[in-house]
1. Filter segment 8-53 for residues that are small (Gly, Ala, Ser) and over 16 Å from CYS65 (Cβ atoms) and give the result.
2. What tally of residues in segment 47-82 results from selecting those that are open to solvent by less than 70 Å² (accessible area, probe 1.4 Å), under 11 Å from PRO29 (Cβ atoms) and out of contact with any strand residue (DSSP E or B) (no Cβ under 8 Å at 6 or more places or on another chain)?
3. State whether one or more residues within segment 10-17 are outside any loop (DSSP other than H, G, I, E, B), under 30 Å from TYR112 (Cβ atoms), away from the ligand (no atom under 16 Å from the Cβ) and not β-branched (Val, Ile, Thr).
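The values are calculated or read from the model by the stated rules, or taken from the named source; none is laboratory data. Predicted model, so just to flag it, every value in this text is computed and none were measured. Positions of Cβ are generated from backbone atoms using ideal geometry, with glycine treated the same way; all protein chains shown enter the neighbour counts. For the accessible areas, the whole protein counts, side chains as well, though only heavy atoms, and no ligand, DNA or RNA atoms are used. Shrake-Rupley method; radii C 1.70, N 1.55, O 1.52, S 1.80 Å.
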Amino acid sequence: MSQELIIGAVVVGVVVLFFFGKILLKRRPKETYFMCARCSAVSRHTERTIEAWRNNKTKFFCQSCHAKWLQSRPPQERERFTSSDGSRSGCLGVVVLFALAPLAGFLLVQAYV
Ligand SMILES: [Zn+2]
């Protein structure tokens, strides 16, 4: 293996680690449980409430209250809240990363050659 290839591989590795670190080390509340703002039931945080927490929400609703709340919404609005835009863009980010990482490594190798 030539030196340029090793440097390229290291850069790709660092980029991949950086992105995965960002995905894995997403901020989450320190409490595992929260008290439902509607029925006061103690529930475990879910991806939904953690996402709300990241958006600086201080009130969380348990799964059943959230379902009831969703049912009280008009259909268009319901779709907006149930669509998984967040996770879709997350997947896209990973796809872009995998497409760009080898390219970045390749360009770096080219720059050194
Ligand atoms: Zn509740």
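1. GLY8, ALA9, GLY13, GLY21
2. So the count comes out to 4.
3. Yes, some residue in segment 10-17 is outside any loop (DSSP other than H, G, I, E, B), under 30 Å from TYR112 (Cβ atoms), away from the ligand (no atom under 16 Å from the Cβ) and not β-branched (Val, Ile, Thr).
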